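The values are calculated or read from the model by the stated rules, or taken from the named source; none is laboratory data. Everything numeric in this text was worked out from a predicted model, so none of it was measured. Cβ atoms come from the backbone with ideal geometry, glycine included; neighbour counts cover every protein chain shown. Just the protein is used for accessible areas: all its heavy atoms, side chains included, with ligands, DNA and RNA removed. Shrake-Rupley method; radii C 1.70, N 1.55, O 1.52, S 1.80 Å.
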Amino acid sequence: MAMSCRYAARFCARQLRSASALRAPTQTLRLGATSRRYNSTDAAAEAPANPKIAEIVEQISKLTLLETADLVSSLKTKLNIPDLPVGGFAAAPAAAPAAAEEAEEAAPAAAEKTLFTLQLQEFDAATKAKVIKEIKSLLGLSLVESKKFVESAPKMMKENVPKEDAEKIIATMKELGAKVTME
């Protein structure tokens, strides 16, 4: 999700405003006519007691917007955190049982697979040139790339191929002396 820096700054300011309003409803926020600033002494008073965490917070605060986005995506993958839709925090727990029931109902319907992955397993050395030419025409590769592709078998050829097309490709490659599997 790409957003401009101005939009991101406004979004963060709104989040800070709502968070500070929830924390201290008795404090009032003074807004100038041209700029909006928060009192940084509130943030300093809430500094973590652990020096290790304080150092991490200091390092994160010096990151650019793009570096922060990379950090967030890296943490999500490392910690296996799923992406939640914006505003989905409150609706997610209520929708979870219904989604689980729908998934169970959809599982039998999706039992028949329509799209397959083709993988080149092996080929006869005598028909290597013919297999390379066929791979070149199927995948749109150059002759050198096709040769490297065939020599690196077993290797995935195509993904999301309809069943009829997959069967035609397998038959053609079998005639040429190559073994292709459909998964």
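Among the numbered criteria (1) open to solvent by 90 Å² or more (accessible area, probe 1.4 Å); (2) outside any loop (DSSP other than H, G, I, E, B); (3) not small (Gly, Ala, Ser), which one does Lys136 miss?
It is condition (1) that Lys136 fails.
Would you mind stating whether Leu75 is modelled with pLDDT of 85 or more, open to solvent by less than 60 Å² (accessible area, probe 1.4 Å) and either touching an Asp or Glu at 6+ places or on another chain (Cβ under 7 Å) or outside any loop (DSSP other than H, G, I, E, B) (or both)?
Here the answer is no, as Leu75 does not meet what is asked.
Here are Ala96, Ala103, Ala110, Ala126: which of them is at pLDDT below 85, closer than 27 Å to Ile170 by Cβ, open to solvent by 50 Å² or more (accessible area, probe 1.4 Å) and out of contact with any helix residue (DSSP H, G or I) (no Cβ under 9 Å at 6 or more places or on another chain)?
None of the others qualify; the one that does is Ala110.
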